[in-house]
Each structure stands twice: as C-alpha cells, then as structure tokens.
Amino acid sequence: MVSASLANMVVMGLVFFAVVLVVLALAPALLGRTGIKDRLAAQGGGAAIDTPGSIRADQVNSMWARLLAEIESRGLNLTDDASQKIADKLTRAGFEQPYAQRAYTLARAVGTLVMPGLLITFMSITGQWPSVAKLYMMLLGAVVFGLYLPAIIVSSRASERAKEILNGFPDTLDLLLVCLEAGLGIDAAFSRVGSEITTSHPLLARLFAQVSLELRAGRSREAALRLMAKKSGLTEITAFTTLIIQSDKLGASVAQALRIYAAEMREQRRMRAEEKAHRIPVLLSIPLVCFMLPTMIAVLLLPAGINMKNQMAELD
C-alpha cells in the first residue's frame, strides 16, 4: 500500500510538471496570436499577409526562442561544455537556428524526466508493479533512453541528409563544370548552380547559395568554401573544397580538375550502388531461413512422417 501511494504521488507530480511545460510552451504562441487579433481588430480587420522578416525579428518572435529565454531567465543554464561539437552536429542535421543548441540541451533534460514518468504512468494504469530492484533498473533505463533519444534523432537525421547530399553531388559537379566551361567565374558558377538545383537537390542548393551569399558579403573564397565543407560534414565535399582552393591558389585549370573529380565521384556512387546490390542476397537469406526453410522442411517431411505412422499402426 505504501509503495502504491508513493507511486501515485510520483505520477501526479510528473503529470503536473508535464502540464507546466506544455503551458510554458503554448502560452507565448497563444498570447502572440491574441495580440495580432487585437491589432487587426483595432485597424479594421483584414487578413494577415505573410511577409519575410529579418533574422533578428525571426529570432525574437520565435516561440522556441522566447521559451528558452524565459527558462534561462529563471536561472536554468542551457549551455553545454561541448557546445561547439553539439553545434556542428546540429548544423549537419539541419538545425541551424541560433537557439538549436539550447533547445537540444532542454530536450535531453526533459527526456530524462518524461520517459520515467511515462513508464510509471503505464505501470499505474496496468497495475503491474515489479520488484524494487527491477523497478529501479527500468527507471534507470528510461532515464538513459530519454537522455540519448535526442542524440539518436539528430544523428539519424544527419546521416540521412549526408546520404542525400552525397547522392546528388556528382550531378551538381557536372553542372558546375558546364558553367565553368561556358565562361562563368567560380563565384558566378556557384550562384548559378545553387539556383538551378533547388528542386532536384535542395540541400546542395542551400549549401551553394550560402557560399554565394558569403562571397557577396565580402568573405574570402577559401573561408566560404571551408565553411561549406564544415556544414556538410562529408569528406567528399571537403576534398572538393580543397581542390577548388588549391587550384585557385596555384593557377591551375579548375574545370579540368573538376572533370576528373566528377568522374571519380560518379564512379564512387556506382560502387556504392553495386555494394548495396551485393548485400541484397545476404539480407534475403535471413527471412528465407527463418520462414521459408521451416515450411519446406515441414512440406517434405510431413508426408513421410504420416506414412511411417500408418505403417507402424498396421504392424501393431
């Protein structure tokens, strides 16, 4: 009885904490919408028109940014010692917002509380309470799972984005080579390629567009290319940026170097496809052994077993 009452108190405390978090997350959005409706009503109504805002306005008006700022104003520090590594990992996964690192830290902290709370809630609903030692191990596992779940999600998304970038990189190199051979400079070629592949390869288009914008803003070509390689996190793009930088410094033909490198990248993509094709028979052997082989053995041996049983019955 004591353990059941204690569990109920823990469940109620976790539910209260979850409700507080939900209210803190939704209150800024609701209050913001109310303010917008009041201003529209004061001006005579009308539909709101979506207009592009500045980076500063987007950062201030973001619900997550306001939520994180409110939490930090209460004394909770969301910065991490390995902030640069986390920022690089989040950038490779596509989370480039200024508050992404703090939101990642908050998600890990909330996960360590929510996962044990869900486990205790499930046990309270089902009424199946294990022993104290087993309950402690299950809660510890839930805490570890909640702590590493955001990292798993970020790593999975980063790997998927890396595959998408890598598969479209040879086609992008061919288009860049065509632009260079047509007489465009490297800066203009990056801008042109970035605008042409927005539909077919949006991630690469974004990387090329960022390089073009940084070059227009006055950043050196070497710094812009190295930043693109850092954001992608791929050795192939790092080698590509090194090729462009070295060819530019030494005065070599960038088009000729790109032609050779594009052929190598296309060959590597073909080899990756062949590797996946060669793995198919090995992967198919697992369901064949688990499902088909027992069925075939039963079909082949069952008639012989029935005949043997009949013959033994006749002899008796």
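Values in this text are rule-based calculations from the coordinates and carry no lab data. Because the structure is predicted, anything quoted here is derived from the model rather than measured. Every residue, glycine among them, receives a Cβ derived from its backbone with ideal geometry; neighbour counts consider all protein chains shown.
Which lysines does K276 reach when only Cα atoms under 19 Å apart count, and residues fewer than 8 places away in its own chain are ignored?
K163
Please report, to two decimal places, log10 I(q)/I(0) for region 142-203 at q = 0.16, 0.19, 0.20, 0.30 Å⁻¹ as given by the Debye formula with identical point scatterers on the Cα atoms and no solvent.
-0.61, -0.73, -0.77, -1.15
Under a crude label model (7 Å from the Cα following the beta-carbon direction), how far is T235 from S156 in nanometres?
Here the answer is 2.6 nm between the modelled labels.
Using a basic spin-label model with each label point 7 Å from the Cα along Cα→Cβ, how many nm lie between E267 and A252?
1.6
Region 92-136 to region 225-244: how many Å between their Cα centroids?
36
If I model region 162-270 as equal point scatterers sitting on the Cα atoms and use the Debye formula, what is log10 I(q)/I(0) at q = 0.15, 0.19, 0.23 Å⁻¹?
-0.56, -0.96, -1.54
For S124 and L140 in the same chain, what is the full-extension length gain: residue separation times 0.36 nm, less their Cα-Cα distance, in nm?
Between S124 and L140, full extension yields an extra 4.0 nm.
In a Debye calculation with equal point scatterers on the alpha-carbon sites of region 210-300 and no solvent, what is log10 I(q)/I(0) at q = 0.10, 0.13 Å⁻¹?
-0.49, -0.62
For C290, C179, which order do you get if you count the other beta carbons within 10 Å of each Cβ and list the fewest first?
C290, C179
Given 0.36 nm per residue, what is the gain on full extension from R226 to A298 after removing their alpha carbon distance, in nm?
Length gained between R226 and A298: 19.7 nm.
Distance between the C-alpha centers of region 173-199 and region 262-282? Whole Å please.
26
Compactness ratio of region 75-173: Cα Rg over 2.2 N^0.38 Å, N = residue count?
Against the empirical 2.2 N^0.38 Å value, I get 1.44 for region 75-173.
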